[in-house]
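Below is one structure; the comments refer to it alone.
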Amino acid sequence: MAEAEELDVDGTPVRLSNPGKIYYPRLGPDGGSKRDLVEYYRTVATAGALTRALADRPTHLQRFPDGIEGEEVYQKRVPAKRPEHVQSCVVTFPSGRTADALRVTSPADIVWAANLGTVTFHPWAVRCPDVDRPDELRLDLDPQPGTDFADARAVALDVVRPLLAELELTGYPKTSGGRGLHVYVPLVADHDFVTVRRAGIALCREIERRSDGRATTAWWKEERGERLFLDYNQNNRDKTIASAYSARATPIATVSTPVTWEELPDVDPDDFTIATVPGLLAERGDPMARMRETLCSVEALLEMADHDEAAGLGDLPYPPNHPKMPGEPKRVQPSRDRDRKHPT
């Protein structure tokens, strides 16, 4: 391995160790090395795009110190031993435990984390120090077996975009870096996680109703079928989504990439990689650059939630590691629920 180097990241020195280590074996030494990944992050961070996406957000690190085929480390706590420029903020998990999470304030923080083997950055939907009120509602269109990106795109264009417009909400789509699609709605940070999750459930239920059977809010996999799963729990406390401009642990080093609604019909998510995204960013800019100028309210969604509740549609299950919540239905797989009536 080559000796460690010192990188200049907007005037801050950041150490790069083992630059020749292969992180993406399929890409090999010319495109798949640790240097390639770190230089990608230095480029999109200093350009402002990734730094803007992570700024002041508690961020978890999905690390692969020996490359994407090696052991994965999902790190929620920032290391105690770190450079002076690396800050943190305290977050509270659903269990009530707390932790010091990485708080990104500069491109150097991102490059420092990349040198630790971070492939993907997972920010919370809040900003430090106000870590209990989300400023984003995140919609995750997750293809299930038998569906793919084309299905996610079709539902986003046919259903999500016109529904958001009807509700006077502004949505910003991005590829997941895999087969899925994410849409972010920037919010005024005036509600807690439980309320924003409730708004997200209302949005997902309306998408489900308008999707002609193409999408579902069914939490249990056995009930989803060949439909997109609308993962409403992405709006829960301590749930994160790969950030815009984060690389993913895929063989070709794909990147979760913002796109415009006008670009979306022609998007192929495999076209966005650590090799291609810097050029795309330099050519057409960041579609999410002005997202904080279009802050939205969830009040219309909460009214929809009230209507659903009046019609008998209550809460939906939380993730298994979350404490049981008031009004939550049983967390029992339907096929194992002895109290559930099954067809004879």
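Check the cysteines of the chain one by one and keep only those with no other cysteine Cβ under 4.7 Å from their own. When partners are defined as cysteine Cβ atoms under 4.7 Å apart, the chain leaves C204, C296 without one. Kirkwood's formula applied to the C-alpha pairs of segment 279-324 gives a hydrodynamic radius of 14.7 angstrom. Computed on segment 1-157, the Cα convex hull volume stands at 161 Å³ per residue. With respect to the chain, whose longest principal axis is taken over its alpha-carbon atoms, helix 34-46 is tilted by about 70°. Enumerate the residues in segment 156-196 having an amide nitrogen under 18 Å from the point lying 7 Å beyond the Cα of T92 toward its Cβ. In segment 156-196, the label zone of T92 (backbone N under 18 Å from the point 7 Å along Cα→Cβ) covers 190-196.
The magnitude of the dipole of the chain, with charges of +1 and -1 set on the Cβ of Lys/Arg and Asp/Glu and taken from the Cα centre, is near 1080 debye. Within segment 167-185, which residues have the backbone N less than 17 Å from the label spot 7 Å out from D270 along Cα→beta-carbon, could you tell me? Correct set: 175-181. Of the Cα atoms belonging to segment 67-182, the radius of gyration and Dmax stand at 17.6, 49 Å. Does segment 168-218 classify as rounded, prolate or oblate by the C-alpha gyration tensor (a ≥ b ≥ c root eigenvalues; a/c under 1.5 gives rounded; else a/b over b/c gives prolate, otherwise oblate)? The shape class here is oblate.
Taken over the Cα atoms of segment 171-254, the convex hull encloses 127 Å³ per residue. Among the GluC sites (Glu not before Pro) within segment 236-308, those in coil by DSSP and having at most 14 neighbouring Cβ atoms inside 10 Å are E262, E263.
Distance cut-off 23 Å, Cα to Cα: go down the list K76/K239; K21/K239; K76/K221; K221/K324 and report the pairs above it.
Numbers: K76/K239 11 Å; K21/K239 31 Å; K76/K221 27 Å; K221/K324 20 Å.
Over 23 Å Cα-Cα: K21/K239; K76/K221.
How much length, in nm to one decimal, is gained on full extension between E222 and L116, taken as 0.36 nm per residue of separation minus their Cα-Cα distance? Please report the intermediate quantities before stating the final value.
On the way: separation 106, 0.36 × 106 = 38.16 nm, distance 3.81 nm.
Using 0.36 nm per residue and subtracting the Cα-Cα distance, I get 34.4 nm.
Give me the number: length gained by fully extending R82 to R292, i.e. 0.36 nm times residue separation minus the C-alpha to C-alpha distance, one decimal in nm.
Numbers: separation 210, 0.36 × 210 = 75.60 nm, distance 3.02 nm.
Result for the pair: 72.6 nm of gain on full extension.
What is the Cα centroid distance between segment 197-222 and segment 265-344, reported in whole angstrom? Cα centroid to Cα centroid, the span is 8 Å. On full extension, the segment bounded by T260 and V188 gains 23.7 nm, given 0.36 nm per residue less the C-alpha separation. Between segment 128-188 and segment 23-71, what is the C-alpha centre distance in whole Å? Taking the Cα centre of each part, segment 128-188 and segment 23-71 sit 23 Å apart.
Relative contact order of the chain, please, whole-number percent, based on alpha carbon pairs below 8 angstrom and at least 6 residues apart.
Details: 663 pairs, mean separation 58.4, N = 344.
Relative contact order comes out at 17 percent.
Residue ranges 201-213, 43-55, 25-37 sort as 43-55, 201-213, 25-37 when ordered by packing (mean number of other C-beta atoms within 10 Å per residue, highest first). Working note: Debye formula, equal point scatterers on the alpha-carbon atoms of the chain, no solvent; log10 I(q)/I(0) at q = 0.06, 0.07, 0.10 Å⁻¹ is -0.22, -0.30, -0.61.
Taking the radius of gyration and the Kirkwood hydrodynamic radius from Cα positions alone, what is the Rg/Rh ratio for segment 208-344, to two decimal places?
Numbers: Rg = 19.5 Å, Rh = 18.9 Å.
Taking Rg over the Kirkwood Rh, I get 1.03.
Any read-out appearing in this document is the output of simple, stated calculations on the displayed coordinates, not a laboratory observation. Note that the structure is a prediction, hence the values are computed from the model and not measured. Note: ideal-geometry Cβ built from the backbone for every residue, glycine included; neighbour counts use all protein chains shown.
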